[in-house]
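To keep things clear, I will list the structure first and then write my remarks on it.
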Amino acid sequence: MSFKIPLFDLNFDKSEVDAVVECIESNWISSGPKCQEFETKFASMLNVKHALTMTNCTAALHLAFDVLGIKPGDEVICPSLTFVASVNAIRYVGATPVFCDVISEEDFSINPREIETLITVKTKAIVVVHFAGFPCNMEAIGNLAKKYKLKIIEDACHGPLSEYRGSKLGTIGDIGCFSFFSNKNISTGEGGMIVTNDDELYHLLKLRRSHGMTTMSFQRATGHATAYDVVELGYNFRMDDLRAAIGVVQLAKLPDDLEFRQQVRSWYLEELEPLHSDIWIPYKNNEEYVSNYIFPIVLKTKHEGRRDDLRDFLHSKGIQTSVHYPAVHEFSIYQDFSNMASLPITEFIVAHEVTLPMYSTLKREDIRFISDKLKEFLFS
C-alpha cells in the first residue's frame, strides 16, 4: 500500500544521477578511482586512518572477524537486539555467539555489566551495535576488552558521524563496520565501509577484500603495476565505482541531513511528551551528536499485547511503521545458541517496540499528525 507518511525516504536528487552518468562515461565502473575517493573522504570525515569500501556491511563484519583471527571454538559476546547480520558474521568464521541483554527499555545498548558475567576463557571478542546511531558505553566496554584481552568490533551501520565523547562511532574499537543499504543515512543501494586505525589490520583487510591479491585491476590498468601475486586466502568483497560515485554525493549531503533529523527528533520529543506514562522513548536524554537513523518507541506494560494493533491502526491512517528488530536468539537457526541466554529486557523490547518514520524531509505537521494518531489509539 502507499503511505501518506512512509517509514523512510531516499535523500536522492539529480546529483546522484549525474554522478552515475559521469562514472559510466569514464569507462571505469568496477572498483577504482571513485571507491578510492569515497574511502578517502569517509576516513577524513571520521578522522580515522583507514577506510575500505565493501560490498555491504555483512561482508565488512565477516572480514572483521576473519582478520582478527576469530575461529571455531571461540566465543563472541553480542546483542540479540540487532539485525541478524551482526550475528551471522560470527557464524561465518565458525565462532559461537553468546547473547547478551541490553541495558533497559530506554537504552538498547549492550549492557557492560552483563558482558562481564558472560566472559569465559573462550571469549575472544565483543560486538557492539550502536542502535539507531546512539553510542554504547565504549569506555566501560573498552575497559573490559583491555582487562580480558578481547577485540571490539563496532557495528556502526546506524551511526555514520555519530559520536561518543568526541570520537566517531566505528573508530573506537579495533574495527568499525558501516552499511549503505537503501534505507540507511548514506544510501548506495547495497554497500558498506570498514574502518580501522591499525596499520596491520588495514593491510590484511585490503588483501582479503580482493582475493588476497597484491594489486587490483585499476592499478594494473593505470600502469601502476603489471602483475600480481596471491598471498592470502581472500574474498571478493569489493564495492564498484557506480555505487561509490553515489556514496561520494551522499557523504557530502550527510551533515545537513543529520541536522534536519535532529530537528525532527526534537519535534517528536515535544509532541510525545503527553505520552510519558504510556511509552518509553529510548535515548530521550542523549546529549551526544548522533545520526538519528530511526525513531523507536516502546509501549509500557499497561499496553501489553497492543503493539501489533497499534501498528495496524497507524497503517490504516497512512503512517508506515516497522519493528527493530526481531530477537536474533529467537530465530530458528539460533535456537541451539539461545539455551543459556537470559534476555528479559531484549524480549520485552521486541514485543513492545514500534519504529516511527524518521527522515530529514519530515515536517512539523507530519510529526504532529503521527503523534495525534498515537494518542488517539493509546488513549482509547
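The values are calculated or read from the model by the stated rules, or taken from the named source; none is laboratory data. Quick caveat, the model's predicted, so the values are computed rather than measured. Glycine gets a Cβ as well: all are built from the backbone with ideal geometry, and neighbour counts include every protein chain shown.
Summary table
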item	result
Residue selected from the stretch 341-359 under the condition surrounded by fewer than 20 Cβ atoms within 10 Å (Cβ to Cβ) and without any contact (Cβ under 8 Å) to a residue 60 or more places away in the chain, by the criterion farthest from residue 294 (Cα to Cα)	347
Residue satisfying condition, being more than 18 Å from residue 64 (Cα to Cα), surrounded by 20 or more Cβ atoms within 10 Å (Cβ to Cβ) and touching a residue at least 60 places away in the same chain (Cβ under 8 Å), within set 102, 87	102
Residues that are more than 15 Å from residue 311 (Cα to Cα) and among the small types (Gly, Ala, Ser), drawn from the stretch 324-371	327, 332, 338, 341, 342, 360
Subset tally (residues that are within 26 Å of residue 179 (Cβ to Cβ) and either aromatic (Phe, Trp, Tyr) or crowded, with 21+ Cβ neighbours inside 10 Å (or both)) for the stretch 224-237	2
Residues within the stretch 281-336 that are of a type in the set (Phe, Trp, Tyr) and in a loop (DSSP other than H, G, I, E, B), tallied	5
Residue satisfying all of: in the stretch 47-67; over 15 Å from the mean Cα position of the chain (by Cα) and hydrophobic (A, V, I, L, M, F, W, C); nearest to residue 90 (Cα to Cα) among these	65
Qualifying residue in the stretch 239-262 (condition: assigned to a loop (DSSP other than H, G, I, E, B), outside the structural domain of residue 289 (by TED's automatic domain parsing), closer than 30 Å to residue 9 by Cα and not β-branched (Val, Ile, Thr))	yes
Of all residues making up the stretch 57-97, the number that are within 19 Å of residue 325 (Cα to Cα) and in a loop (DSSP other than H, G, I, E, B)	5
Count of the stretch 360-379 residues which are aromatic (Phe, Trp, Tyr) and buried (at least 20 other Cβ atoms within 10 Å of the Cβ)	0
Residue that is surrounded by fewer than 18 Cβ atoms within 10 Å (Cβ to Cβ), touching a strand residue (DSSP E or B) at 6+ places or on another chain (Cβ under 9 Å), under 23 Å from residue 373 (Cα atoms) and not acidic (Asp, Glu), where the choices are 324, 315, 303	303
From the options 200, 232, residue that is on the phi < 0 side of the Ramachandran plot and in contact (Cβ under 8 Å) with a residue 24 or more places away in the chain	232
Only one of 345, 349, 367 that is over 30 Å from residue 113 (Cβ atoms), modelled with pLDDT of 95 or more and not assigned by TED's automatic domain parsing to the domain that holds residue 78	367
Among the candidates 66, 9, 74, residue that is in contact (Cβ under 8 Å) with a residue 12 or more places away in the chain, assigned by TED's automatic domain parsing to the domain that holds residue 116, surrounded by fewer than 20 Cβ atoms within 10 Å (Cβ to Cβ) and acidic (Asp, Glu)	74
Extreme residue, surrounded by the fewest Cβ atoms within 10 Å (Cβ to Cβ), among residues of the stretch 119-153 that are outside any helix (DSSP H, G or I) and of a type in the set (D, E, K, R)	149
Number of positions in the stretch 3-22 that are over 17 Å from residue 183 (Cβ atoms) and either assigned to a helix (DSSP H, G or I) or modelled with pLDDT under 95 (or both)	8
Hits in the stretch 246-267 (condition: more than 27 Å from residue 22 (Cβ to Cβ), surrounded by fewer than 14 Cβ atoms within 10 Å (Cβ to Cβ) and touching a Leu at 6+ places or on another chain (Cβ under 8 Å))	none
